[in-house]
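S.K.: Let me give you the structure first, and then I'll get to my questions.
Read-outs: derived from the displayed coordinates by stated rules, not from any lab. Predicted, not measured: the structure shown is a model, and the values here were computed from it. Positions of Cβ are backbone-derived with ideal geometry, glycine not excepted, and every protein chain shown enters the neighbour counts.
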Amino acid sequence: MGRFIFRRFLSIIPTVLIIITLGFFIIRTAPGGPFSSEKAVPPGVMANLLAKYHMDEPLVKQYFRFLGGVLQGDLGPSFVNKDFSVNELIGMSLPNSIILGLTALFVAVIFGVTAGTISAIKQNSPLDYTFMSVAVTGISVPNFVIGPVLMLVFA
């Protein structure tokens, strides 16, 4: 069992590396950039911005610089919020995200176990079919559809 868990943890490394690599190159191939705006930026200012954030370097060098930062836990500066790093922004929102996630998990477990227990006790009853229909609908409908509907109902 210990070897199985160890192999699973080792399989995480190439998976995360592939995700990081794909994310980096997909963002770089997208049109525009972090300094694109409706207002024209003078060429000197643009050159200084690109140099400051190492975006004037070859793409391979940028990738290895980014990968080195990620391995050290540094996700770099935020291009949207100029006074913050990505780590600071994640750190500010992480406590609220954890509270929200744990609350959602708690509610889902309570309702899920209760509905499952009732369905097991009253097999093939209308209540069982209702719970099963709700469960299948929840699994089948995409999150981007369910999310706005739930916000409309509960917000």
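S.K.: Kindly count the pairs of lysines across the chain whose alpha carbons are less than 21 Å apart, treating pairs on different chains or eight or more residues apart as eligible.
M.R.: On the way: LYS39/LYS52; LYS39/LYS82; LYS52/LYS61; LYS52/LYS82.
Pairs that pass both the separation and distance tests number 4.
S.K.: Charges on Cβ only, +1 for Lys and Arg, -1 for Asp and Glu, centred on the Cα centroid of segment 2-74; of GLY69, PRO14, HIS54, which one is farthest towards the dipole's positive end?
M.R.: PRO14
S.K.: Placing unit charges on C-beta atoms (Lys and Arg positive, Asp and Glu negative, everything else neutral), compute the dipole magnitude of segment 1-150 about its Cα centre in debye, rounded to 20.
M.R.: Working: 10 positive and 7 negative charges, 83 e Å.
Computed charge dipole of segment 1-150: roughly 400 debye.
S.K.: Apply the Karplus parameterisation 6.51 cos²θ - 1.76 cosθ + 1.60, with θ equal to phi minus 60°, to every residue of segment 27-33 and state each ³J(HN,Hα) to the nearest whole Hz, in sequence, with x for glycine and proline.
M.R.: With coefficients 6.51, -1.76 and 1.60, one gets 4, 5, 7, 5, x, x, x Hz.
S.K.: Right, something else. Do any trypsin sites (Lys or Arg not before Pro) in segment 50-155 lie in a DSSP loop with no more than 11 other beta carbon atoms within 10 Å, and if so, which?
M.R.: Taking segment 50-155 and a limit of 11 other Cβ atoms within 10 Å, the loop trypsin sites (Lys or Arg not before Pro) found are LYS82.
S.K.: What is the set of long-range amide H partners of SER85 at a cut-off below 5 Å, with H atoms built 1.01 Å from backbone N?
M.R.: Here SER78 satisfy the definition.
S.K.: From the phi of every residue in segment 64-78, what ³J(HN,Hα) in whole Hz does the Karplus formula 6.51 cos²θ - 1.76 cosθ + 1.60 yield, where θ is phi - 60° and glycine or proline is x?
M.R.: Result, rounded to whole Hz: 5, 5, 5, 4, x, x, 5, 5, 8, x, 9, 8, x, x, 7.
S.K.: Residue by residue, what Karplus-based ³J(HN,Hα) values in Hz, rounded to whole numbers, does segment 144-151 have, using 6.51, -1.76 and 1.60 with θ = phi - 60° and x for Gly and Pro?
M.R.: 6, 9, 5, x, x, 5, 5, 5
S.K.: Taking the chain on its own, what percent of its Cα-Cα pair distances exceed 23 Å? If you can, show how the numbers build up before the last one.
M.R.: Values: 7736 of 11935 pairs.
Tail of P(r) above 23 Å: 65 percent of Cα pairs.
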